[in-house]
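**Q** I'd like to ask you about the structure that follows.
The values are calculated or read from the model by the stated rules, or taken from the named source; none is laboratory data. In this text the structure is predicted, and so the values were computed from the model without any measurement. Every residue, glycine as well, gets a Cβ built from its backbone with ideal geometry; the counts of neighbours run over all protein chains shown.
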Amino acid sequence: MADLWQHQIEAVKRARSLPYYALHFEAGTGKTLTAIQIMRERFNTKRRILRTLIFCPPIVIGNWREEWFKFTKIDRKDVIALTGTGAQRLKVFQQNAFNEEKQRKGKVFITNYESLLMAPLYKSFIEWAPEQFVHDESHRTKSHSGKMAQALDLLTNKYSKPSLRLNLTGTAILNNPMDLFMQFKILMGGFPTLESLVTGKHITNFFQFRMTYFEDKNAKWRGQENYFPDWKPKPSTTELFGRLLASVSMSVDKADCLDLPGEIDVTIPVPLTKEQRADYHKFEQDMVIQKEGYNYTADIAMVKALRLMQIASGFISGMTAPDESEMQPIKYEYKDTEREKALKELLEQLCVEKGKKCLVWAVWKQNYETIKKVCDELKIRYVECHGLVSARGKEEARRSFIQDGEIKVWIGHPYSGGIGVNLIVAPYTIWYSRSFSLEQYEQAKARNYRGGQTEKVTHYHLVAQDTIEPEIVDSLRNKKSIADLIMSKTNIYRK
């Protein structure tokens with residue numbers, strides 16, 4: 001068993017006798033290993049493998065299996081990944097979860113949250129009656145009306161009687177403290193109040209939760225034509241949430257518990273070409289431009305923002321219906337952009353001259369083609385991990401990037417390639433483009449700035465000045481204020 005950091009030891013001790021616990025560990029602080037140690041102790045106490053079901057993002061299924069084998073003596077046949085089609089998952093599950101007499105067997109199954117929506121497999125989960133649940137990146141179940149969240153809630157609180165439930169996430173609150181409700185309803189059967197910590201009768205209805213802890217700042221306008229609710233925490237909520245969650249969760253940040261080398265953010269201004277600048281200003285004013293006979297338009301503010309981000313990154317896309325036929329995608333690419341040139345200079349310096357590995361994040365598939373073209377020109381080997389790559393391809397990319405010293409560049413999307421994987425082999429990051437998502441931003445930055453990193457990590461942000469991009473970067477850096485206030489109340493290093 002690996003030596004644990006002090007905060008991991010403390011978490012294992014706190015969760016030792018509890019039926020549920022939440023590890024709100026910032027990415028890179030070892031929450032997977034901590035969860036395994038918590039479960040490992042219970043295996044040893046019962047002298048058997050407890051029926052364990054782990055839900056996580058697809059890209060980290062392989063990583064979870066490796067962690068089990070690395071840090072425990074459990075047999076490889078007892079830790080099983082459920083991937084592929086619903087029929088394939090069901091077949092593997094039934095072959096391993098039950099013996100010939102249909103008796104339940106102690107195993108560890110690891111799968112992604114989408115398995116909850118596969119009806120035959122979900123039914124088999126119920127029949128197997130898991131004794132332990134792990135919800136990795138539990139913020140993915142924050143929506144009280146989401147189908148996956150509701151299915152998981154029923155599985156853990158109605159159809160099973162687990163002896164342990166664990167929530168794991170570094171971003172329990174993404175934008176609003178209301179994000180906590182469904183995660184804790186799944187974890188402990190409802191959201192606590194001061195009274196329910198004694199009685200056990202927690203709040204199980206989202207609207208009751210909202211009325212208890214939040215207030216509508218626009219309530220006086222209710223009934224008027226332009227009324228819209230503006231729910232904000234009541235004055236006492238921030239402090240109260242911290243007190244309520246302190247006994248069932250623990251938060252740690254990298255800066256508090258890890259002695260990591262420095263982390264630097266470097267903004268690299270990338271001017272727009274004359275054509276880009278003209279189109280950017282026109283679209284900003286008119287919400288329409290014409291390129292090569294096609295009109296690119298936006299009808300709402302969000303689409304306008306996305307189109308402006310596209311222009312800044314080197315292209316614009318849209319849809320058209322020529323001759324009243326079916327809608328077809330269209331795109332226009334800008335040539336010889338300064339962003340592409342800046343990327344080439346950076347990769348030549350970091351990967352060719354220094355021989356280092358680098359993560360390149362982008363959110364548009366058109367960007368991937370540009371990044372690959374630059375790598376090909378520099379004769380740099382790369383792997384891809386984004387929405388156009390299969391689950392198996394992503395896992396192969398992860399292994400190859402870590403193990404093959406000749407592969408220097410990781411081309412990924414912050415969502416599909418930026419969660420749960422350990423990429424400390426790369427001391428450099430380049431943000432070619434980005435989205436509005438704080439979750440994606442924080443998670444992707446933590447891929448290489450995490451426990452085990454021995455080199456200073458530098459994040460290069462390619463940002464077009466006098467565009468929407470600087471505002472987005474500022475927004476991502478400042479969006480955590482409410483989340484920080486609440487989560488700091490359960491941070492053992494900040495009493």
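**Q** Given the residues 71, 55, 93, which is the only one that is aromatic (Phe, Trp, Tyr), over 22 Å from residue 397 (Cα atoms) and modelled with pLDDT of 95 or more?
**A** Criteria check complete, one pass: 93.
**Q** Quickly run through region 50-74 and pick out the residues that are over 23 Å from the mean Cα position of the chain (by Cα) and more than 17 Å from residue 33 (Cα to Cα).
**A** 50, 51, listed by residue number.
**Q** Looking at residue 168, is it modelled with pLDDT of 95 or more, buried (at least 22 other Cβ atoms within 10 Å of the Cβ) and of a type outside the set (D, E, K, R)?
**A** Yes.
**Q** Any idea which of 331, 335, 341 is surrounded by fewer than 17 Cβ atoms within 10 Å (Cβ to Cβ) and under 23 Å from residue 410 (Cβ atoms)?
**A** 341
**Q** On the given criteria, is residue 366 in a helix (DSSP H, G or I), touching a Gly at 6+ places or on another chain (Cβ under 8 Å) and of a type in the set (S, T, N, Q)?
**A** In short, yes.
**Q** What is the one condition in (1) touching a residue at least 40 places away in the same chain (Cβ under 8 Å); (2) closer than 22 Å to residue 85 by Cβ; (3) surrounded by fewer than 23 Cβ atoms within 10 Å (Cβ to Cβ) that residue 407 does not satisfy?
**A** (2)
**Q** Between a residue in region 380-401 that is within 23 Å of residue 355 (Cβ to Cβ) and without any contact (Cβ under 8 Å) to a residue 60 or more places away in the chain and any residue that is part of a helix (DSSP H, G or I) and among the β-branched types (Val, Ile, Thr), which pairs come within a Cβ distance under 7 Å, given they are 6 or more apart or on different chains?
**A** Correct list of pairs: 380/352.
One line per residue, one yes/no per condition, for (1) at pLDDT below 95; (2) closer than 25 Å to residue 446 by Cα; (3) buried (at least 21 other Cβ atoms within 10 Å of the Cβ):
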site: 319; (1), (2), (3): yes, no, no
site: 325; (1), (2), (3): yes, no, no
site: 350; (1), (2), (3): no, yes, yes
site: 361; (1), (2), (3): no, yes, yes
site: 372; (1), (2), (3): no, yes, no
site: 395; (1), (2), (3): yes, yes, yes
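**Q** Among the residues of region 439-483 satisfying the criterion of being at pLDDT below 60 and surrounded by fewer than 17 Cβ atoms within 10 Å (Cβ to Cβ), which is nearest to residue 31 (Cα to Cα)?
**A** The selected residue is 480.
**Q** Among the numbered criteria (1) over 30 Å from residue 8 (Cα atoms); (2) within 25 Å of the chain's Cα centre (by Cα), which single criterion is violated by residue 248?
**A** Unmet for residue 248, out of (1) over 30 Å from residue 8 (Cα atoms); (2) within 25 Å of the chain's Cα centre (by Cα): (1).
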